[in-house]
Amino acid sequence: MNIIVIGAGIAGLTTAFNLAHHGANVTLMEQGNIPHDRASSFDQHRIIRHFYPDSEAYGRLVEQALAAWNRLWRRIGRIHFAETGVLAISTEAGDWSDRSRGALERIGIAYESWSQADLQARLPQLSLPDHATGVFTPSGGALFADRICTDLARNLRHNAVDLLPKHRVVEIETETGRVVTESGEAFKGDQILIAGGAWIGKVVPALAAKITTYRQAVLYLTAPPQWEAAWRQSPVIVDFGGASGAYALPPVNGSDLKIAVPAHRRLGDPDKDRSLDFDEAETILNYLRGDLVDVDQYRQLYLKTCFYTFAPEDRFQLHREGRLIAYSGCSGHGFKFGALAGEMLAEVLLGKADADQVGRVLGGY
Ligand SMILES: Cc1cc2nc3c(=O)[nH]c(=O)nc-3n(C[C@H](O)[C@H](O)[C@H](O)COP(=O)(O)OP(=O)(O)OC[C@H]3O[C@@H](n4cnc5c(N)ncnc54)[C@H](O)[C@@H]3O)c2cc1C
């Protein structure tokens, strides 16, 4: 069976990886390089956490996601994960972090409640309000996303997957399985998967109607010397409290300290809106100005633009049409499920699993 996978982000790479291990004949087509540094999946790290205040189904699915990553580490012979633990800071009753506590309780994930004094003792680099509290899970942490994508691409090359970088697909005939690229080349697949990230709506109109694409920039920093050790020992901080949704990944396993602010986003097109604003680092840092001690001593390393697709209720979308499966797994939380999605999508493409059923699992139902 010939299977064409379009898109070399985490979903396309892991699906191709699983298909190759099942002995399928796989072609991976990507408009950029493989891996692609402009894919949403290509950044130093992504968070894996059980915190899902508004979806017990996704919270529970994280256990399966962790198991799938463990299977992947065994198969590629490397672990690209640091289990730092994950902390959410609550500054108001009923905020995201506070609601996460109840959700963790309901799905049976072990957590600790930290007082303001605990927070201050463990994270002296932060300056938090007196009423701040913390919810900490020892499980979860940082997945080293660009290293995962790079290793997967290398593995695919060794496993004789036909890698076609610089092949932008412009048309998919869902009934015949014919795929046409921008340069006019045509390919034929028995089954086709497109996992096109923020570009998917350009080729799959049925998904364009369901997703909204946002541009976001994340900021990499060096902490001042007095706080370097504290940051190296820090858990992932998935939420600083407040409405901005600001979060931080610590500089672990050779990675850099990153902060990002979901509220700092705007509608965008991944082909057009990549340039940075003149004062963008300052804008991002300002969201955390009250939370970081010695904030003006942090040194900017670099900024990276990245694109999200958001779907209603932040659910991943799986659309089947003839020979085509279109998967949009983002809404800002899709990387952690990348290994699991790759296993499940491969089973669907091989006819071993039902697309609707897998769509429901990955859709968080
Ligand atoms: C700032 C930011 C922070 C995030 N943080 C987290 C987090 O902490 N935890 C988490 O779990 N998730 C997080 N996410 C979400 C996660 O990064 C995405 O859900 C995931 O990377 C999506 O992977 P993907 O393979 O579906 O898409 P992508 O990684 O975008 O890959 C799609 C690929 O398809 C290619 N492509 C598209 N169209 C075509 C075409 N027509 N022809 C050929 N190639 C094509 C693209 O070039 C691209 O390489 C975050 C996202 C962003 C933007």
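Extension gain for the segment A208 to R232, taken as residue separation times 0.36 nm less the Cα-Cα distance, is 4.6 nm to one decimal. Placing +1 on each Lys and Arg Cβ and -1 on each Asp and Glu Cβ, with no other charges, gives the range 184-239 a dipole about its Cα centre of roughly 160 debye.
The packing ranking, built from the mean of other Cβ atoms within 10 Å per residue, places the peptides 309-321, 85-97 in the order 85-97, 309-321, highest first. The label point for D273 and the one for M1, both projected 7 Å from the Cα toward the Cβ, are 3.8 nm apart.
Cross-link reach is defined here as a Cα-Cα straight distance under 24 Å, omitting same-chain residues fewer than 8 places apart; for K188 the lysines meeting it are K166, K202, K352.
Can you tell me what share of the DSSP beta bridges in the chain is antiparallel? A percent to the nearest 5 is fine. Given both bridge residues lie in the chain, the antiparallel proportion sits at roughly 70 percent. Sorted fewest first by neighbouring Cβ atoms within 10 angstrom, V348, V361, V5 come out as V361, V348, V5. GNM remark for the chain: springs join alpha carbons under 10 Å apart, and the peak mean-square fluctuation among G241, G140, G23 falls on G23.
Membrane-span-like helices in the chain (whole DSSP H runs, Cα extent of at least 18 Å along the helix axis, mean Kyte-Doolittle hydropathy of at least -0.5): 56-76.
Sorting 323-331, 252-260 by average packing, meaning the other beta carbons within 10 Å per residue, from highest down gives 323-331, 252-260. Within the listed set L349, L276, L13, the residue fluctuating most in the Gaussian network model of the chain (springs between alpha-carbon atoms under 10 angstrom) is L276. Remark: the range 308-318, residue by residue, has Karplus-estimated 3J(HN,Hα) of 10, 10, 10, 10, x, 6, 6, 8, 5, 10, 10 Hz, where x stands for each Gly or Pro and the curve is 6.51 cos²θ - 1.76 cosθ + 1.60 at θ = phi - 60°. In plain terms, the residue of V293, V261, V238 with the fewest other Cβ atoms within 10 Å comes first and the most crowded comes last, giving V293, V261, V238. With the cut-off at under 16 Å, measuring from each backbone N in the range 4-22 to a point 7 Å along the Cα-to-Cβ line of S183 picks out no residue.
In sequence order, the range 43-55 has phi-based couplings of 8, 4, 8, 9, 8, 10, 8, 8, 6, 9, x, 10, 8 Hz under the Karplus curve 6.51 cos²θ - 1.76 cosθ + 1.60, θ = phi - 60°, and Gly or Pro positions carry x.
Largest GNM mean-square fluctuation among R74, R38, R266, using the chain with Cα springs under 10 Å: R74. Each label point was placed 7 Å from the Cα along the Cα-to-Cβ direction; for Y365 and Q297 their separation is 5.4 nm.
For a label point 7 angstrom out from the Cα of L350 toward its Cβ, which stretches of the range 60-83 have the backbone nitrogen within less than 20 Å? Label zone hits: 64-77.
Rounded to the nearest Hz, the phi-derived 3J(HN,Hα) couplings of the range 23-30 under the Karplus curve 6.51 cos²θ - 1.76 cosθ + 1.60 (θ = phi - 60°) are x, 6, 8, 10, 10, 10, 10, 9, where x marks glycine and proline. On full extension, the segment bounded by D37 and T176 gains 46.9 nm, given 0.36 nm per residue less the C-alpha separation.
Distance from the C-alpha centroid of the range 193-207 to that of the range 264-329: 18 Å, rounded to the whole angstrom.
Each value in this text was obtained by applying a stated rule to the coordinates, not by laboratory testing. Worth saying up front: this structure is predicted, and the values here are computed from it rather than measured. All Cβ positions, glycine included, derive from the backbone under ideal geometry; neighbour counts span all protein chains shown.
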